[in-house]
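Just so you know, all these numbers are worked out from the coordinates, no wet-lab data involved. The model shown is predicted, which means the values in this text are computed figures rather than measured ones. We place every Cβ from the backbone using ideal geometry, glycine too, and count neighbours over all the protein chains shown.
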Amino acid sequence: MVDSHELNHTVPGGHDHDGHGHGGHDHGGHALPEMPLDPANQSLADALRMSFRILKFVMVGLVAVFLFSGITIVDQRQVAVLSRFGRLVEQPLGPGLHLAMPFPIDEQIDVDTSLRNLTVDAFWLRLSDRDRTRRLSELTARGAGLDPARDGALLTGDRGIMHLLLNVEYSINDRVRVRADHVDPADQISDVILFVRNVRDDRELLRSIIKDAAVAEAARTTTDVIWKDPRQIAQAVRDRAQDVLDGMETGIFLEKVAAEQSYFPLQAQREFLSVSAAENHRRELIKEAESHRIERLVNVAGSAWEELDRLIERLDQLEDSTEYDEVIAEIGTILETQATGEAGALIRRAQQQREDILAQMHADVARFNAYLAEHQRDPQLVRDRLRLQMLGELLDAPGLVKWWMPPGPKRLILSLNRDPEEILQAERDRMRQRTGP
């Protein structure tokens, strides 16, 4: 391009007045006078000046666009991690508007922190599309044994085989933890950073860890537990897998590991159902016996049966004699003060009888002391009075049959059968006492 000043100082044709081409200077070194431009060259110069101005504005605009291209918006369910010149910035960006360096200085990596699901069917039956619509109890085995290429299974601690279907709910945690290789608690790192740094495929990694944990935990449990309460092994699998994930610094948090289904091999269906039926019958018998035990305890002790049952079980586990005596004393106190059933009735009846016996003994002692003074004055008189009193009580006893014999030596034949009228009257009296007046 040619500047307009150069055009103003250049003679058309490029030659001086002497016909020599010296670039617009005379032999004495003095500048030639400026020559006016023709309209065409003047228009070209103006157009070039305008183009330069437009180009400057465009370049400034491009620089501004480049600088503001780093503005980013992070979704509410995401956390963003910046990679600056290939190195992760250890402060993740939360939801909202953020300003970062433009690409390729900063590169944004979005991490979804919402709940994710993963189904682990490595230990489940391989069913056809038609069999998936049917209940498992309606299915029959395809062969005499399991096909390792198709059927997955777990080997239990009691040498059993069980199928298990697991469902995993997990998320990328945005918590901050202390680095494993640093002692200073202030040197912390986010789990999101660990996830971006250490995890390539979270689903495949998690699937592998869950499978290893399930195999390990199944070897520590029994077939009965997996069949009847698979939640136990699911929780154990979750805890073991979480420890492995934390040790690998993956930043993955297992929200829940659920046992969707558990089932026995179809090849052992008849034997398994037989054992299950026997165990169900045993549980029913135990439940019936327990119900009968509780019923008997309620009848015996009333509302205090639960406390008595607890103390009796505690008594069976004690070895210290001192504590044993304390529990026995506590049981006695409850029986005397709280028991309302048969035991309570017997105890209160015994207490009443004890009071009656004590009262009778006190009365006998008082009577003995009263007779003692009389006996010391006239022993024979006291003996005669006591003999007459005893005979009177004996003859007045109910149901006693009496025969009167005239005095003197005579031959007497006694009929030992009781008088029927007396028997009838005695029976009436007994019935009247039982039924009331």
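Where does the charge balance sit around Ser262 when Lys and Arg score +1, Asp and Glu -1, over other residues with C-beta under 12 Å from its C-beta?
Local net charge: -1.
For the range 340-355, take each phi angle, set θ = phi - 60°, evaluate the Karplus expression 6.51 cos²θ - 1.76 cosθ + 1.60, and give the result in whole Hz per residue in order, putting x for glycine and proline.
Those phi angles translate into 10, x, 4, 4, x, 5, 5, 5, 5, 5, 5, 5, 5, 4, 4, 5 Hz.
Mind listing the phi-derived Karplus ³J(HN,Hα) values for the range 150-156, rounded to whole Hz, using 6.51, -1.76 and 1.60 with θ = phi - 60°, and x for any glycine or proline?
Per residue, the Karplus-derived 3J(HN,Hα) values read 10, 9, x, 7, 10, 9, 8 Hz.
Name the GluC sites (Glu not before Pro) in the range 293-346 that are in a loop by DSSP and that have at most 10 other C-beta atoms within 10 Å, would you?
Hits after loop and neighbour filter: Glu319.
Using a cut-off of 15 Å between beta-carbons, work out the net charge of the residues near Thr223 (Lys and Arg +1, Asp and Glu -1, Thr223 not included).
Once all neighbours under 15 Å are counted, the net charge is -3.
Could you compute the net charge surrounding Asp320? Neighbours are other residues with a C-beta less than 12 Å from the C-beta of Asp320; K and R count +1, D and E count -1.
-3
Please list, in chain and number order, the residues 5+ apart from Gln261 or on another chain whose amide H is under 5 Å from its amide H, with Hs placed from the backbone.
Amide H neighbours of Gln261, under 5 Å, 5+ apart: Leu165.
Lysines near Lys410 by alpha-carbon distance under 20 Å, same-chain residues fewer than 8 away left out - which ones?
Straight-distance partners of Lys410: Lys402.
Along the range 308-325, what does the Karplus equation 6.51 cos²θ - 1.76 cosθ + 1.60 (θ = phi - 60°) give for ³J(HN,Hα), rounded to whole Hz, x for Gly and Pro?
Listing the rounded values in order: 5, 4, 5, 5, 5, 5, 5, 5, 5, 9, 7, 10, 7, 5, 5, 5, 4, 5 Hz.
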